[in-house]
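A.B. asks: Handing you this structure, nothing more for now.
Only the coordinates and a few stated rules stand behind these numbers; no lab work does. Note that this is a predicted model, so its numbers are computed, not measured. Glycine gets a Cβ as well: all are built from the backbone with ideal geometry, and neighbour counts include every protein chain shown.
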Amino acid sequence: MLVKTVKQSYRPSSELMGFMETFRGIVNQCITIGLKENRRSMKSLSKASYSKLRQYQITTAYKLCAISRAAGILTNYRKLLRDHHVEISYCRRASLVTAACYGLRVKKSILNLPSKIKIEVNPHTVSVLDRTNIRSVTLTPDSLNIAYSKEIAPVKTTGLLAIDRNLDNVTMADTAGKTSRHSLDKATLSKALCRMTKSRFHRNDARIRRYIYGKYGRIERNRVNPVLHNASASIVRQAKQNSLGIVLENIKGIRKLYRRGNSQNKHYRFRMNACSFYEFQRQLSYKARWEGLPVHYVSPRGTSSKCSKCGDQVFAKESRIVECPRCGCIDRDVNAARNVLSAALRFRVKGPPSEAMVEEREPNGVTLILKVDGGQSS
Ligand SMILES: [Zn+2]
């Protein structure tokens, strides 16, 4: 079972704003009670605090949701407290949360909440929302978030689709031997422009800097996210059509590669660190899981430095082209995507043995013999 959220903007009435402020007050009072009496579970917190919430003029459903929210905040706080000294995060923004068990209904593009709150939902929300499986609704002063769930049946895959992420593009190679590419040029360009604009700010005033950086951060997100969403949605569509599992490199620690002192110039570092590797991975993995497609991760070791045909060391030739002493010139990204695919077939994912073959060239360079690669053990 997976849960997804659809978000839309709306304008709350003054009555609804009042409810949100009350909700925030209840959450914060419950946090105070929980800290004082050392209450750990939702049940014990609600026993301790429910009778003290009489002063609030709000339906019981919202009170119980507020207690649940406070219990969540307390649990997170205690978890963080084990390793670091942290301050408890009280609820600062007004909000309102309610769960499906207290009666949530979408009827003809109107969302009905307890206390006869009615909110109009837009056509997009109506089209994506599965009305029978609404889980919860969260209201903030500027957004309405509806969480809904879906039972996912795992898809039987017939092959794999390996993905190599780069700064300017995403390259795919599948087990059928096809390769394709999505350009991310637009995202890189938007990032570069926003970075340039921000770098021209020289005034030593933290408030104005925060304002300017916030503004350009928003502009950047609004331009970059659609490009990433288009690419990830299209990849998942392709994988679903051909029933392919998705393979990605495990890029944990990628930011350590581009740090000061690594003998790279600062423009290169800024450019590489601006790349949204994790955001793309997040989008791709949640979209794939929503369709029931498995996502596998392989070690990135040697994926761009070895030849995908013979396993030899490759050397940079021109931009985006590498040269293998035995096989000649290959596109650098296609080579990397094929290496990711073969790593998945050899070490992580169960696939037919015939897939894990490499071309072995005879010393005279004429005959090609296919042999099963023994992997790391040989
Ligand atoms: Zn080679």
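A.B. asks: Take Ser305 and Leu193, extend 7 Å from each Cα along the Cα→Cβ direction, and tell me the distance between the two endpoints in nm.
C.D. replies: 3.8
A.B. asks: Determine the equivalent ellipsoid of the chain by diagonalising the alpha-carbon gyration tensor, then write out the semi-axes as square roots of 5 times the eigenvalues, largest first, rounded to whole Å.
C.D. replies: 49, 26, 21
A.B. asks: Let me ask another. Name the aspartates and glutamates eligible as straight-distance cross-link partners of Lys186: C-alpha to C-alpha under 19 Å, and not fewer than 8 places from it in the same chain.
C.D. replies: Asp164, Asp168, Glu220, Glu279, Asp333
A.B. asks: Something else about it: Are any of the pairs Lys178/Lys252; Lys116/Lys150; Lys252/Lys309; Lys7/Lys150; Lys7/Lys43; Lys7/Lys287 more than 22 Å apart by Cα-Cα distance, and if so, which?
C.D. replies: Where the Cα-Cα span goes over 22 Å, the pairs concerned are Lys178/Lys252; Lys116/Lys150; Lys252/Lys309; Lys7/Lys43.
A.B. asks: What does the highest-first list of 325-338, 273-286 look like by mean Cβ count within 10 Å? Walk me through the numbers on the way to the answer.
C.D. replies: Working: 325-338: 19.1, 273-286: 17.4.
For the peptides 325-338, 273-286, the packing ranking is 325-338, 273-286.
A.B. asks: Further question on the same structure: Taking the Cα-to-Cβ direction at Thr75 and at Tyr56 and moving 7 Å from each Cα, how far apart do the two end points lie in nm?
C.D. replies: Rounded to a tenth, the inter-label distance reads 1.9 nm.
A.B. asks: Sorting Lys116, Lys317, Lys43, Lys63 on the 10 Å Cβ count, fewest up front, what's the list?
C.D. replies: Final ranking by Cβ density, sparse to dense: Lys116, Lys43, Lys317, Lys63.
A.B. asks: Extending each Cα 7 Å along its Cβ direction at Asn250 and Val3, get the distance between those two points in nm, one decimal.
C.D. replies: Using points 7 Å along Cα→Cβ, the separation is 2.8 nm.
A.B. asks: Based on Cα coordinates alone, diagonalise the gyration tensor for the stretch 164-233, multiply each eigenvalue by 5, take square roots, and list the semi-axes in whole Å, largest first.
C.D. replies: Semi-axes (√(5λ), whole Å): 34, 11, 7.
A.B. asks: If one takes the longest principal axis of the Cα atoms in the chain, at what angle in degrees, from 0 to 90 and to the nearest 10, does the Cα axis of helix 206-241 lie?
C.D. replies: Long axis of 206-241 versus the principal axis of the chain: about 60 degrees.
A.B. asks: To continue, here is another question. Could you sort the peptides 88-100, 237-249 by per-residue average Cβ neighbour count (10 Å cutoff), highest mean leading?
C.D. replies: The packing order, highest mean first, is 237-249, 88-100.
A.B. asks: Calculated FRET efficiency, Glu87 and Ser44, Cβ-Cβ r, R0 25 Å, to nearest 0.05?
C.D. replies: 0.60
A.B. asks: What number, in nm² with one decimal, is the all-direction average of the projected area of the convex hull of the alpha-carbon atoms of the stretch 159-298?
C.D. replies: Mean shadow area of the hull around the Cα atoms is 9.7 nm².
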